[in-house]
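The values are calculated or read from the model by the stated rules, or taken from the named source; none is laboratory data. Owing to the predicted nature of the structure, the values given are computational and were not obtained by experimental measurement. Because the Cβ atoms are built from the backbone with ideal geometry, glycine has one as well, and the counts that use them run over all protein chains shown. These accessible areas exclude ligands, DNA and RNA; they are computed on the full protein's heavy atoms, side chains included. Shrake-Rupley method; radii C 1.70, N 1.55, O 1.52, S 1.80 Å.
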Amino acid sequence: FFFFNSLQDQFDNLEKHTQWGIDVLEKYIKFVKERTEIELSYAKQLRNLSKKYQPKKNSKEEEEYRYTSTRAFLATLNEMNDYAGQHEVISENMTSLITAELTRYVQELKQERKSHFHDGRKAQQHIETCWKQLEASKRRFERDCKEADRAQQYFEKMDADINVTKADVEKARQQAQLRHQMAEDSKAEYSSTLQKFNSEQHEHYYTHIPNIFQKIQEMEERRIVRIGESMKTFAEVDRQVIPIIGKCLDEITKAAESVDHKNDSQMVIEAFKSGFEPPGDVDFEDFTQPMKRTVSESSLSNSRGDGKSEPKFGSKSKGKLWPFIKKNKLMSLLTSPHQPPPPPPASASPSAVPNGPQSPKQQKEPLSHRFNEFMTSKPKIHCFRSLKRGGAGPEDFSNLPPEQRRKKLQQKVDELNRDIQKEMDSRDALTKMKDVYIKNPQMGDAASVDHRLAELGQNIEKLRLEVQKFEGWLAEVEGRLPARSEQPRRQSGVYEAQNPSGVNSCAQDRESPDGSYTEEQSQETEMKVPATDFDDEFDDEEPLPTIGTCKALYTFEGQNEGTISVAEGELLYVIEEDKGDGWTRIRRNEDEEGYVPTSYVEVYLDKNAKGA
């Protein structure tokens with residue numbers, strides 16, 4: 001019985017040990033699972049970091065990535081994105097090769113362990129049952145032997161007593177023989193049970209239990225081997241991505257080595273090269289002669305003594321400040337009071353700038369007056385109409401230095417040419433569709449595309465006119481065309497002199513009679529206009545009268561400032577015709593008015609308004 005208890009203790013110990021092994025396996029699975037979550041989180045953070053510093057499309061940042069240093073940084077961001085992808089690969093491989101496999105193996109291991117210990121308990125119960133049967137047979141044999149002895153002693157006692165009848169003696173003898181036979185039967189049964197138990201016990205301890213223990217041992221060894229293989233796989237998963245991560249790092253190093261400081265410096269020079277010529281020497285001004293200050297023709301300002309205007313397109317630096325002087329307007333006024341600052345992109349025309357070049361007939365102002373004028377003057381909005389349409393500068397980029405203006409004009413010409421090519425491709429496609437409809441009327445109506453073809457033709461013609469206009473400005477900048485004559489500029493100047501301020505001259509202050517735009521005016525016709533606030537100019541503006549009606553041919557979503565949205569087929573009032581820029585000003589009611597593309601509406605002008 002003690003042996004059986006000790007054996008039961010061994011089963012309990014084995015059961016506890018194998019359960020501990022399963023707990024270790026599950027703990028390792030949890031460890032790997034948390035590692036995969038860390039890898040995914042790290043990869044996500046790396047991707048977000050790379051995305052955060054990527055240049056935004058159609059923004060100023062995108063233009064900054066022309067330099068080798070910023071391109072190297074962009075390559076670093078892209079490689080970090082690939083680097084994050086490798087950490088995602090680590091997470092995926094660990095999940096599929098370790099976590100999923102071990103989770104399935106743990107379930108199988110639990111089932112196998114349960115089966116082995118069930119067999120062990122069953123064998124243990126069987127041997128205990130055999131032992132109990134042996135003990136019962138033994139006790140029965142012992143009891144029968146004692147009963148046989150007592151029956152034999154009673155018979156002998158009755159047989160020796162002379163007072164007992166012969167019948168009683170015979171009865172005692174038969175009882176003794178019966179008890180003796182029962183003892184013999186119990187002996188035989190006990191002997192048989194004992195042999196059977198010994199056989200079962202031998203089979204139990206030499207066959208069944210060793211087999212069960214062997215299976216449990218093999219199960220435990222497989223578990224140990226499996227967790228070792230998983231740890232090896234854990235390292236191999238990391239090792240497999242090391243070459244790719246190394247390539248990412250090599251690409252980052254290669255990008256860093258491609259940084260060329262000379263090339264970047266040259267690009268900065270090309271980007272900001274103004275084309276201005278260095279200014280000449282400043283002549284000595286003799287203050288001993290009152291109100292007479294000689295000005296050299298080689299100084300920064302234009303010659304004024306002879307009262308004649310010079311053609312301004314013949315020189316690149318006449319009437320232009322050296323670009324570095326405009327960093328400090330106050331110093332430029334104190335050192336060069338006769339030189340006007342360059343007009344801002346959205347400022348008024350040069351004739352309206354308070355510090356503009358004066359007419360030769362006007363007396364020069366004292367320096368203190370110019371200083372006070374600079375401190376009290378306010379910037380003027382160049383054109384209310386361009387403000388409403390969201391324009392940030394003149395159409396011909398005349399507010400830029402020559403070299404920058406040339407680049408902007410060239411970009412505009414290229415952009416217009418691309419738009420023309422797109423429109424021509426669309427027209428060719430519609431033409432082919434129309435031919436197909438003509439050959440196969442059942443596929444569609446050929447007349448349905450005529451309106452669109454006509455519209456494309458008009459668009460192409462307008463774009464070509466725009467290209468010609470910008471090419472003319474470009475040729476002027478590059479010196480391929482002669483300078484404009486003085487007469488058109490004089491006419492423009494006279495027009496501005498007659499309309500020194502207000503909204504009525506707003507649309508004409510940059511436009512010369514030949515249809516081009518200029519910021520320079522003839523010195524003979526310039527007038528000094530007092531600076532006024534923007535609010536004062538437009539607060540009292542009366543609403544424009546209607547000059548006709550129009551019907552919207554297409555739906556237009558007015559998203560820019562100054563435009564208005566219209567729906568297809570809507571009827572509206574026209575308050576300003578197209579002035580050649582492709583926009584028509586319309587009104588829906590007293591509170592809603594704005595500009596729409598002229599090609600989007602069909603205009604019906606009133607005869608009286610047109611005649612007026």
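Couple of notes before you dig in:
- Residue check for residue 148: in a helix (DSSP H, G or I), hydrophobic (A, V, I, L, M, F, W, C) and surrounded by 20 or more Cβ atoms within 10 Å (Cβ to Cβ): yes
- Remark: pairs (first residue in the stretch 199-214, part of a helix (DSSP H, G or I); second residue open to solvent by 50 Å² or more (accessible area, probe 1.4 Å); Cβ separation under 6 Å; 6+ apart in sequence or on different chains) = 212/119.
- Checking each residue in the stretch 433-457 for being in a loop (DSSP other than H, G, I, E, B) and open to solvent by 50 Å² or more (accessible area, probe 1.4 Å) picks out 440, 445.
- Residue satisfying all of: in the stretch 169-200; acidic (Asp, Glu) and closer than 23 Å to residue 134 by Cβ; farthest from the chain's Cα centre (by Cα) among these: 184
- Hey, residue 79 assigned to a helix (DSSP H, G or I), open to solvent by less than 40 Å² (accessible area, probe 1.4 Å), touching a residue at least 40 places away in the same chain (Cβ under 8 Å) and among the charged types (D, E, K, R) or not: yes
Conditions (1) within 39 Å of the chain's Cα centre (by Cα); (2) closer than 30 Å to residue 585 by Cβ; (3) modelled with pLDDT under 55; (4) outside any loop (DSSP other than H, G, I, E, B), marked per residue:
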position	(1), (2), (3), (4)
354	no, no, yes, no
362	no, no, yes, no
369	no, no, yes, yes
391	yes, yes, yes, no
411	yes, yes, no, yes
415	yes, yes, no, yes
424	yes, no, no, yes
428	yes, no, no, yes
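- Residues that are in contact with a helix residue (DSSP H, G or I) (Cβ under 6 Å, 6 or more places away or on another chain) and open to solvent by less than 50 Å² (accessible area, probe 1.4 Å) were ranked within the stretch 202-219; the one that is farthest from residue 97 (Cα to Cα) is 204.
- The stretch 19-55 - residue that is of a type in the set (A, V, I, L, M), within 25 Å of residue 71 (Cβ to Cβ) and out of contact with any His (no Cβ under 6 Å at 6 or more places or on another chain) and, of those, surrounded by the fewest Cβ atoms within 10 Å (Cβ to Cβ): 49
- Qualifying residue in the stretch 163-170 (condition: open to solvent by 100 Å² or more (accessible area, probe 1.4 Å), of a type in the set (A, V, I, L, M) and either out of contact with any helix residue (DSSP H, G or I) (no Cβ under 8 Å at 6 or more places or on another chain) or in the same structural domain as residue 189 (by the TED database) (or both)): no
- Residue that is open to solvent by 80 Å² or more (accessible area, probe 1.4 Å) and either polar (S, T, N, Q) or touching a Ser or Thr at 6+ places or on another chain (Cβ under 8 Å) (or both), where the choices are 153, 124: 153
- Taking first residues from the stretch 29-55 that are within 19 Å of residue 80 (Cα to Cα) and partners that are open to solvent by less than 90 Å² (accessible area, probe 1.4 Å) and outside any helix (DSSP H, G or I), the Cβ contacts under 7 Å between residues at least 6 apart in sequence or on separate chains come to 55/65.
- Residues of the stretch 189-233 satisfying the condition of being closer than 13 Å to residue 21 by Cα and among the hydrophobic types (A, V, I, L, M, F, W, C): 216, 219, 224, 225, 227
- Of the strands (runs of 3 or more DSSP E) contained entirely in the stretch 547-598, those carrying at least 1 residues that are closer than 19 Å to residue 395 by Cα and touching an Asp or Glu at 6+ places or on another chain (Cβ under 6 Å) fall at 583-587.
- Residue within the stretch 237-259 that is part of a loop (DSSP other than H, G, I, E, B) and at pLDDT 80 or above present: yes
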